[in-house]
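K.L.:
This is the structure I have questions about; it appears just below.
The values are calculated or read from the model by the stated rules, or taken from the named source; none is laboratory data. Fair warning: this is a prediction, and the values are worked out from it, not measured in the lab. In this analysis, Cβ positions are derived from the backbone assuming ideal geometry, glycine residues included, and neighbour counts consider all displayed protein chains. Ligands, DNA and RNA are stripped out before the accessible areas are found, and what is left, the full protein with its side chains, is counted by its heavy atoms. Shrake-Rupley method; radii C 1.70, N 1.55, O 1.52, S 1.80 Å.
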Amino acid sequence: MYSMIHTTKRTVLLLSNALLITLCVVSVCHAQKAGGRRAAQGSDSMRVERDLSYLKGASDPLNTLDLYAPKTGDNHPVVIHIHGGGFSIGDKVSGAGVKPQAFTSEGYVFISLNYRLSPAVKFPAHVQDVAKAIAWVQRNVRQYGGDPNTLFVMGHSAGAQLAAMVATDERYLKAEGLNLKNLSGAVLLDGGTYDIATAMKTTAQKVENLTPVFGDDPKVWKEASPLFHVAKGKGIPPFLVIHIASREDSGAQSRVLAKALNDAGVKAEVKPALNKTHATLNKELGQTGDAPTVDVFNFLRGILGSRASKSASR
């Protein structure tokens, strides 16, 4: 009798999870379609290019990106954004929020990209996609007014881990004909998986969520952890690491990563985001008066120097 009840409960749980995934996919597709209609309209000051494939000859929507650029000028610095979603959900439209308008109004080309998702793929497919997208941007962004020599990578949550990986482990960019010096800086927004093994020890839910992405081999966890790819002399760019002030797990991971970067001679600053949640940090980034937004623009301007002509008090 216990076995029958246990089996029934497990069946119900699996069906519930399947329904949740289906609803998430439907929601994402709806957001992409709706977002596509809005973005296609553009604005008086912003040029919008949707669903650009960063893989030659490919048609998979998960290997596409959206590009937002100021309508005038050229050699604009470029910010490449990687959405979050636990490596299994999310998309380039819902992850972008108000950032395109905010960044283009400050003189940046803003790019939001998709990448393949788990459980259909596992590590390292996600970061390989990110590297391919960066390589496409480097080769093509000039025709949209962007500067291929000034590329910043930024990511939220799982996207923060991918941004950190591509900016510390040179193999992914090298496979695409680039290197770490092609990146001018990295902005991480509340990532919790810079050290996968430590993340696996936090909660049972974390193990459940990360195992379909990274498997259960500790050697793979280390390979997938940006922390263990930090070293001197690699050309790793400066980092801004923002975490939710009230989240000890992401706070601890952020501080450990920043210390490793500093110890390797890489400039890295940690900023706790007050009065924010994991979701609102990303949702509100780009809003006027938003403190993390000010931190991000100040970080970018600090690297750009005299090229940054906009106000720092957004």
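K.L.:
Look through VAL220, VAL256, VAL230, VAL266 and report the one residue that is farther than 28 Å from THR203 by Cβ and of a type in the set (A, V, I, L, M, F, W, C).
P.N.:
VAL266
K.L.:
Given the conditions (1) part of a loop (DSSP other than H, G, I, E, B); (2) open to solvent by 10 Å² or more (accessible area, probe 1.4 Å), report the number of the one that GLY286 does not fulfil.
P.N.:
(2)
K.L.:
Under 7 Å between Cβ atoms, which residue pairs at least 6 apart in sequence (or on different chains) link something in segment 202-218 that is modelled with pLDDT under 90 with a partner that is surrounded by 15 or more Cβ atoms within 10 Å (Cβ to Cβ)?
P.N.:
Between residues of segment 202-218 that are modelled with pLDDT under 90 and residues that are surrounded by 15 or more Cβ atoms within 10 Å (Cβ to Cβ), the close pairs are THR202/ASP249.
K.L.:
Now for a different question. Among the listed residues LEU180, LEU188, identify the single one that is within 29 Å of ARG255 (Cβ to Cβ), under 15 Å from the mean Cα position of the chain (by Cα) and either β-branched (Val, Ile, Thr) or modelled with pLDDT of 95 or more (or both). Break it down into steps so the answer makes sense when it comes.
P.N.:
Working: LEU180 fails: under 15 Å from the mean Cα position of the chain (by Cα).
The match here is LEU188.
K.L.:
Failed condition for LYS222, given (1) part of a strand (DSSP E or B); (2) farther than 25 Å from LEU151 by Cβ; (3) in contact with a Phe, Trp or Tyr (Cβ under 6 Å, 6 or more places away or on another chain), with all others met?
P.N.:
All conditions pass for LYS222, except number (1).
K.L.:
With the checklist (1) open to solvent by less than 60 Å² (accessible area, probe 1.4 Å); (2) under 24 Å from ASN182 (Cβ atoms); (3) in a strand (DSSP E or B) in hand, flag the one item GLU269 doesn't pass.
P.N.:
Status for GLU269: all satisfied but (1).
K.L.:
May I pose another question? Please specify each residue of segment 169-194 satisfying the condition of being more than 27 Å from GLN205 (Cβ to Cβ) and in a strand (DSSP E or B).
P.N.:
Across segment 169-194, the qualifying residues are LEU183, SER184, GLY185, ALA186.
K.L.:
Continuing with the same structure: Just to be sure, is ARG307 touching a residue at least 24 places away in the same chain (Cβ under 8 Å), closer than 28 Å to ASP147 by Cβ and open to solvent by 40 Å² or more (accessible area, probe 1.4 Å)?
P.N.:
yes
K.L.:
For segment 102-120, enumerate the residues that are in contact with a strand residue (DSSP E or B) (Cβ under 6 Å, 6 or more places away or on another chain) and surrounded by 22 or more Cβ atoms within 10 Å (Cβ to Cβ).
P.N.:
PHE103, THR104, TYR108, VAL109, PHE110, ILE111, SER112, LEU113, ASN114
K.L.:
Still on this structure: Name every residue in segment 135-168 that is out of contact with any Lys or Arg (no Cβ under 6 Å at 6 or more places or on another chain) and part of a strand (DSSP E or B), in order of residue number. It would help to see each step written out before you state the result.
P.N.:
Here is the first cut: in segment 135-168, the residues out of contact with any Lys or Arg (no Cβ under 6 Å at 6 or more places or on another chain) are 135-147, 149-168.
Scanning segment 135-168 gives GLY146, ASP147, ASN149, THR150, LEU151, PHE152, VAL153, MET154, GLY155, HIS156.
K.L.:
Considering only residues that are free of Cβ contacts under 8 Å to residues at least 24 places away in the same chain and closer than 21 Å to HIS81 by Cβ, look in segment 259-283 and name the one that is farthest from the chain's Cα centre (by Cα).
P.N.:
Filtering segment 259-283 for residues that are free of Cβ contacts under 8 Å to residues at least 24 places away in the same chain and closer than 21 Å to HIS81 by Cβ, the one farthest from the chain's Cα centre (by Cα) comes out as THR280.
K.L.:
Please enumerate the residues belonging to segment 43-66 that are open to solvent by less than 30 Å² (accessible area, probe 1.4 Å) and out of contact with any Ser or Thr (no Cβ under 8 Å at 6 or more places or on another chain).
P.N.:
VAL48
K.L.:
Would you mention how many residues in segment 234-246 are part of a loop (DSSP other than H, G, I, E, B) and in contact with a Ser or Thr (Cβ under 9 Å, 6 or more places away or on another chain)? Let's see the steps before the verdict.
P.N.:
Going residue by residue through segment 234-246, those that are part of a loop (DSSP other than H, G, I, E, B) are 234-238, 245-246.
The next check asks that each one be in contact with a Ser or Thr (Cβ under 9 Å, 6 or more places away or on another chain); those that pass are 234, 236-238, 246.
The qualifying residues number 5.
K.L.:
So which residues in segment 58-91 are closer than 13 Å to ALA133 by Cβ, in contact with a Gly (Cβ under 6 Å, 6 or more places away or on another chain) and of a type outside the set (A, V, I, L, M), if there are any at all?
P.N.:
Residue satisfying the conditions is HIS83 alone.
K.L.:
On to the next question. Among the numbered criteria (1) crowded, with 20+ Cβ neighbours inside 10 Å; (2) assigned to a helix (DSSP H, G or I); (3) not aliphatic (A, V, I, L, M), which one does ASP249 miss?
P.N.:
Here ASP249 meets the rest and fails (1).
K.L.:
Now a separate question. When you scan segment 121-134, how many residues do you find that are part of a helix (DSSP H, G or I) and open to solvent by 20 Å² or more (accessible area, probe 1.4 Å)?
P.N.:
Number satisfying all stated conditions: 2.
K.L.:
For segment 204-219, how many residues are open to solvent by 90 Å² or more (accessible area, probe 1.4 Å) and either touching a strand residue (DSSP E or B) at 6+ places or on another chain (Cβ under 6 Å) or closer than 20 Å to GLY85 by Cβ (or both)?
P.N.:
2
K.L.:
Residues of segment 67-101 being more than 19 Å from GLY159 (Cα to Cα) and either open to solvent by 20 Å² or more (accessible area, probe 1.4 Å) or of a type in the set (A, V, I, L, M) (or both), which ones?
P.N.:
Matches in segment 67-101: ALA69, LYS71, THR72, GLY73, ASP74, ASN75, HIS76, GLN101.
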